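Below is one structure; the comments refer to it alone.
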Amino acid sequence: MKVAVLGFGTIGFGVYRMLEASPGLEPGPVLVREGKKKEPFQVTSLQEILDDPGVGAVVEVMGGVEPAFTYARETLRSGRHFVTANKALVAVRGLELAAEARQSGAAFLFGAACGGGVPLLHNLALAVKTDEIRSVSGILNGTTNYMLHAMQTRGMNYDSALREAQTLGYAEADPTADVTGMDAARKIALACAVAYGLLPEGGLDCEGIDHLSARDVADFQSRGLTCRLIARGVPAGGTVAAYVEPVLFGAAAPECSVTDNYNMARYEGRFSGPMVFMGQGAGRYPTASSVLRDLSGIQAGQRAMLPPDCAAVQADNDRESHAYYVRLGADRAADLPVDRLLSQGETVRVITKPISVHQMHVYARKERRAGRELFFAAVEG
Ligand code: NAP
Ligand code: HSE
């Protein structure tokens, strides 16, 4: 199968190289921006790709919602298979693309859009055929995991850790989505769509690591705790609870051994019990290998990852609750149901009694809108 590639950046280059080396697959034309064409195999319009009758599938690795959505729709309408690593595209327009694909009989797969090289969606799509998925969760962003690990083990500051993750090709073109948790939120939305046929839309409760300081990291370390950014999605009465937040783990937790750009994704099936997948969650070849896994699935007859009746829902995070570690102004501590005061001063650190996830996130958003700084993380266990 001849495969065209849209975008020739970190992942596009890796996909092209892997296509050259994969029996049964061959690289086709590669879309680059006008003025950036350097090689004979590069083209500057989608039409040149659609005009090539030999192209059987198109891989999109440009990022962003437009023009990626328009190119995806045109590809599917031409009857060609469409594979993407672009979680923003699938989270926002995935249901429309799935409908287009069903109409044309072409495949629409996006395994690389969640977990980089980690085969979470591939396995979930298989598992739902014979099992009932009861929860999906995990470390789903490589950039922030790399940063957290570097800050904790090398004493690196936030900005230097982010710069390293960008240099290594892990971060998005605009890393805001990584550090605010939005990238992980899109990924958990896709995992919920595959696992439950429910795609949580709109603003999920989403806390990243952009309010984390080196002093916070030193404080967790002094208490034997490790911080990881966790995404979680569970069915909740016809909808889902779906959210992203930093979580503090004790030393025995497997999450503490997830280093660098690695991800650890979990699901729990009614029959399979807990399943855990770990591997590189970002980076050129791990992600390209996930794209190639989709292409090989197409060759084996796979056409969809989303269930045909997949529907958009509003997440409900009021049913989930945790105790939280919160760093905030001493004058604000009475706003929360404090269980333990960890440190005193103008700024205090507290552990709350269990409160609903939504309540904690709403409180943090309200405080920040009022110009008051705070950091929070759920406390595991
Ligand atoms: P990247 O290095 O920025 O590459 C994207 C490439 O696409 C750039 O060369 C960009 O050109 C090009 N491009 C963007 N819009 C275009 C357009 N309209 N026409 C032609 N070319 C266009 O990004 P990446 O890291 O490869 O990521 C690509 C996608 O994969 C994103 O959706 C990302 O979320 C996803 N992904 C990335 C990773 C990872 O580890 N990096 C892992 C999993 C999924 P310019 O540079 O000129 O803008
Ligand atoms: N920026 C993303 C991450 C790429 O760091 O996880 C993989 O989706």
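With respect to (1) modelled with pLDDT of 95 or more; (2) assigned to a helix (DSSP H, G or I), the lone exception for residue 215 is condition (1). Of all residues in the stretch 187-212, exactly one satisfies the criterion of being open to solvent by less than 40 Å² (accessible area, probe 1.4 Å) and modelled with pLDDT under 95, namely 204. Condition (residue is away from ligand 2 (no atom under 16 Å from the Cβ), more than 15 Å from the chain's Cα centre (by Cα) and within 19 Å of residue 3 (Cβ to Cβ)) applied to the stretch 134-145: is it met by at least one residue? No, that holds for no residue.
Got at least one residue in the stretch 194-212 being outside the structural domain of residue 361 (by TED's automatic domain parsing), part of a strand (DSSP E or B) and among the hydroxyl-bearing types (Ser, Thr, Tyr)? Looking through the stretch 194-212, none of the residues is outside the structural domain of residue 361 (by TED's automatic domain parsing), part of a strand (DSSP E or B) and among the hydroxyl-bearing types (Ser, Thr, Tyr).
Suppose we filter 171, 184, 177 for residues that are in contact with a Leu (Cβ under 8 Å, 6 or more places away or on another chain), within 16 Å of ligand 2 (Cβ to nearest atom) and open to solvent by less than 20 Å² (accessible area, probe 1.4 Å); which single one remains? When all the criteria are applied, what remains is 184.
Taking the stretch 45-143 as the region of interest, the helices (runs of 4 or more DSSP H) fully inside it that hold 1 or more residues being open to solvent by 10 Å² or more (accessible area, probe 1.4 Å), among the aliphatic types (A, V, I, L, M) and within 16 Å of ligand 1 (Cβ to nearest atom) are 46-50, 87-104. Scanning the stretch 5-43 for residues that are part of a loop (DSSP other than H, G, I, E, B) and within 16 Å of ligand 2 (Cβ to nearest atom) yields 7, 9.
In the stretch 84-101, the residues that are over 19 Å from residue 9 (Cα atoms) reach residues that are within 16 Å of ligand 2 (Cβ to nearest atom) with C-beta atoms within less than 6 angstrom, at least six apart or across chains, in these pairs: 90/110; 90/113; 90/190; 91/186; 91/189; 92/65.
Taking each residue of the stretch 171-182 that is under 11 Å from residue 229 (Cβ atoms) and looking for partners that are charged (D, E, K, R) and in a loop (DSSP other than H, G, I, E, B) with beta-carbon atoms closer than 8 Å, six or more apart or interchain, yields 178/172; 179/210; 180/210; 181/207.
The values are calculated or read from the model by the stated rules, or taken from the named source; none is laboratory data. The model shown is predicted, which means the values in this text are computed figures rather than measured ones. Quick reminder, even Gly has a Cβ in these numbers, built from the backbone with ideal geometry, and neighbours come from all protein chains shown. What goes into the accessible areas is simple: the full protein's heavy atoms, side chains included, and nothing from ligands, DNA or RNA. Shrake-Rupley method; radii C 1.70, N 1.55, O 1.52, S 1.80 Å.
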